[in-house]
Amino acid sequence: MKSTENAAPADVADDGTAAGQDGGSTDEQVDRRPLWRSPKVIVPIAAIAAIAAVVGIKAGTGGDDDAVAAAPHADASVPGTPITVGTDVCGQGWTGGKAGRQTFALWNNSIEGMEVYLQDVATRKVYLDVEALGATATRSASADLGPGTYRFFCIPEESEPLTGPEEKLTGTYDGPVTAGVVPITPNDLAPALRSYLDWVRGQLPTLKRQAQAVADDVRRGDRDAAERDWLTAHRTYETLGAAYDAFGDDDTAINAVPSTTVPAAQDDQLTGFHRVEALLWSGAPTARIRQPAAAIVTAVGHLRADLSTPKLQTQDIGLRAHEILENAIQFELTGRTDAGSHTNLATIDANLTGTARTLSFIRPLLVGRDPHLGETERDLAAAQRLVKSFDHGGRWTPLDRLTRGQREALDARLEETVELLSQVAVITDPRKTAGETQ
Amino acid sequence: MTTPGTGCPFHPSPASGPAGSPSTSRDRGVSRRGLFGGALGAAASAPAAVLLAGAARGDSPSPSGSGVEVTDGAASYPFHGEHQAGILTPQQSAAAYVSFDVTAEDRAGLRELLQTLTTTARFLTSGGTPPDDGLLATAWDNGVVGPEVAADGLTVTASVGSSLFDDRFGLAKAKPARLRPMDEFPNDALDRSICDGDLLLQLCAHHPDTVNHAVRQLMRTTRGGLQVRWRQDGFQSPPRPSGTPRNLLGFKDGTANPSVDDAKLMDDLVWTHGGGAEPAWVEGGSYHVVRKIRMLVEFWDRVSVREQETMFGRDKASGAPLTGAEEFDDPDFGKDATGEVIRFDAHIRLANPRTVDTEKQRFLRRSFNYDAGTDPNGQLDMGLVFTAFNQDLERQFVTVQKRLIDEPLVDYISPVGGGYFFALPGVRSEDDWFGREMFT
């Protein structure tokens, strides 16, 4: 999917275009761990057109050989001050006014989909961001703004971005102002992504060694050692959680989720840690476990090779900050992945470590932007302390042994933390700026 | 419910100004989402004075026994008042009962949690434009009821369970005197996992989507401080064809409710007063009994109507007592001293013998039907979320329930869950919050 590599900033809340984008992707969605919002699902209009061009889908929103006659005027039924944006105008129709609530009817007069945002010239904060505004579409958007100087910034999917004229809002406004954010650009995020990938790569030799230990134990017929080493290796892999999407088929080979209909120990299709787990803990002859245990080692080797050309995009790192925990809640806290070891709490502990790691790489960008960063980090740490309290020297309390009170405290803490982490993805949603047109 | 002669005791009025003064810090397990800034205050000032047809009927008390329409109601009910809404409020058609355990870690966390619940409930019951977190957060509102939130007759009634008064929050001395874990009566089959809880939210509205929206918003704003212990949704049927709505046994249910228009009567039967054994803060609250009563409807449907009517003491079609002709005729036990018409063990005779002594044992019922799919045997799991508001749990509900032990009806019903709660006094003003006086 090289066509998505230059994807413009994604709207994480907009899944309305998912179907069209999925139409262009076939190679990475076959694993049995439908965990992540893939980048293909969240790339905006800009990438749709690119995908469409590659796979030959006719895209109504643009494309050189699919020119759509622009509507001659905005849809007057859309509420707000009529504002025209496009490939040669940006913010036409706005002349400023009084501070307070501003409602715009943004009309894209071009044949390209685009993103439009409104920015405070002095602080650079963005207060209103309309993504995936289709060719000829008119959409209403509002923000409550204090006095100051603002301008629109328009990012067509293919043409050069445009900066609109500066306009003033005057007077005083005592009401609540929409929360704005200084945009984080793809260039800002690139170092964080590189650091993250370097960290993952740095963990792989350890993971491979630990997976090899499991395979060796199994070959020797030492079930106790194999179980112990399995937990160690699996936890290492689960700390890398941020990277599932980048791992693609490798993740299926290493850590596929057990079927809900076939017992994992009987499921010859199941591969990876949970297959080995099922066989170990169900007492299967170690001879039967040799192949799946050795296969994990091989798969980790593949992963190292594949990570030399990672598929991650800049917006992914912010998304992962909460998606790791979203998946821990969905698949671990429920016991969904348990194939017999009853170590879901150990997995959650590893996932929390991975979350904290991921957050650390983007932390410099969040300082000054995320008003709840300190609280998020405190909650994350408190959640991990609570989870670790169920580790009794390597023996983790099984989920079904938690008292109701323990369970409720655990659920509350993790759910609270993931609410806060979800803000990180919003704040780190990459936005091109006048200084970075990539 | 829709009791005979019940009018709307609340006169829908413009929402009373901005929705309060949300705090700006957070701690101890309450999501910061609960602490939205001034944006909500502005949003909630949208007036909610629009009336639906018939909503103003409560202005003129109707004579007892007339029956009322239930398919309409006010667009909104005032959130502020001496008492909480959702008690005397004409019964809406959709309900959710959500019982929570408090996971906030300490007393300050509980206070903050209750303040957050208040702020969110105030907004939801008033309606308006949801707050906007701008570009720093995902949308505050889930959008289930569209971009503008209509109050849609929503009431949020907050009630506390006895476990809230254990040693966690330093509230032991504030416990309402009669509050305790729900009793297990001889005919009960309680599943304790769906009993009791620290805090019950009873959410009622004209439509199920409004209830769903409210459940989700209230839970999201309190993510770290509350965990659901049990939950049951319910619905109120329309009158079929008139009068009091029917339960899922096919009988009108709530006919003999005391009139909510009679303020003196409500003061004697529903509202709890401080003093005596009770702490002062309970003034204006009410003991809130919720019993999830499964009805064994397959079995029931195989019982003759005649036998069903004997068990209740009422005519199934009209709801009239077997001594009378119309639904709201009073049962005349005096003329039936031998129990030949309405048997001594008939439900209505045991529940309300209509003697001078038992007058003060009456309480206000506000039950909803529930339908929860099927059990492992393929039998339908449905019944009644029996709901009662009492001034004095012991004198009223418990006394009456004891009389009902081993009534013939017990073969066809099975109480499985619920709890005893105390509906907090009303939130008086913008500065007030649920249970504030518990902490004084």
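The values are calculated or read from the model by the stated rules, or taken from the named source; none is laboratory data. Quick caveat: nothing in here was measured; it's all calculated off a predicted structure. All Cβ positions, glycine included, derive from the backbone under ideal geometry; neighbour counts span all protein chains shown.
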Quick one: in the range A:99-129, of everything that is under 25 Å from the mean Cα position of the chain (by Cα) and acidic (Asp, Glu), which residue is surrounded by the fewest Cβ atoms within 10 Å (Cβ to Cβ)? A:129
Just to be sure I understand, how many residues within the range B:107-132 are within 13 Å of another protein chain (Cβ to nearest Cβ) and surrounded by fewer than 20 Cβ atoms within 10 Å (Cβ to Cβ)? 1
Given (1) crowded, with 20+ Cβ neighbours inside 10 Å; (2) of a type in the set (A, V, I, L, M); (3) within 30 Å of residue B:128 (Cα to Cα), where does residue B:266 come up short, assuming only one miss? (3)
Checked against (1) more than 25 Å from residue B:204 (Cβ to Cβ); (2) touching a residue at least 40 places away in the same chain (Cβ under 8 Å); (3) surrounded by 14 or more Cβ atoms within 10 Å (Cβ to Cβ), residue B:165 satisfies every condition except (2)
What do you reckon, is residue A:284 small (Gly, Ala, Ser), modelled with pLDDT of 95 or more, within 27 Å of residue A:202 (Cα to Cα) and surrounded by 15 or more Cβ atoms within 10 Å (Cβ to Cβ)? no
Find all pairs meeting these conditions: Cβ atoms under 7 angstrom apart; at least six residues apart or on different chains; first residue within the range A:180-196 and within 14 Å of chain B (Cβ to nearest Cβ); second residue surrounded by fewer than 19 Cβ atoms within 10 Å (Cβ to Cβ) and acidic (Asp, Glu). A:180/A:120
Just checking: which of the helices (runs of 4 or more DSSP H) contained wholly in the range A:334-438 hold 3 or more residues that are closer than 30 Å to residue A:163 by Cα? A:344-366, A:404-427
For the range A:402-431, what are the residues that are more than 7 Å from every other protein chain (Cβ to nearest Cβ), within 21 Å of the chain's Cα centre (by Cα) and among the charged types (D, E, K, R)? A:429, A:431
Members of the range A:340-393 that are without any contact (Cβ under 8 Å) to a residue 12 or more places away in the chain, among the charged types (D, E, K, R) and within 14 Å of chain B (Cβ to nearest Cβ): A:378, A:385
State the number of residues belonging to the range B:337-379 that are in contact with a strand residue (DSSP E or B) (Cβ under 6 Å, 6 or more places away or on another chain), in contact (Cβ under 8 Å) with a residue 12 or more places away in the chain and surrounded by fewer than 18 Cβ atoms within 10 Å (Cβ to Cβ). 2
Given the residues A:307, A:319, which is the only one that is in contact with a Lys or Arg (Cβ under 9 Å, 6 or more places away or on another chain), modelled with pLDDT under 95 and under 30 Å from residue B:136 (Cα atoms)? A:319
Can you tell me which of A:332, A:326 is charged (D, E, K, R) and either within 11 Å of chain B (Cβ to nearest Cβ) or within 17 Å of the chain's Cα centre (by Cα) (or both)? A:326
Top-ranked residue of the range A:144-174 - restricted to ones that are assigned to a loop (DSSP other than H, G, I, E, B), within 14 Å of another protein chain (Cβ to nearest Cβ) and free of Cβ contacts under 8 Å to residues at least 60 places away in the same chain, ranked as farthest from residue A:113 (Cα to Cα): A:174
Just to be sure before I move on: is residue B:207 surrounded by fewer than 23 Cβ atoms within 10 Å (Cβ to Cβ) and either under 25 Å from residue B:309 (Cα atoms) or out of contact with any helix residue (DSSP H, G or I) (no Cβ under 7 Å at 6 or more places or on another chain) (or both) in the structure I sent? yes
Quick check on residue B:187: is it of a type in the set (S, T, N, Q) and not in a helix (DSSP H, G or I)? yes
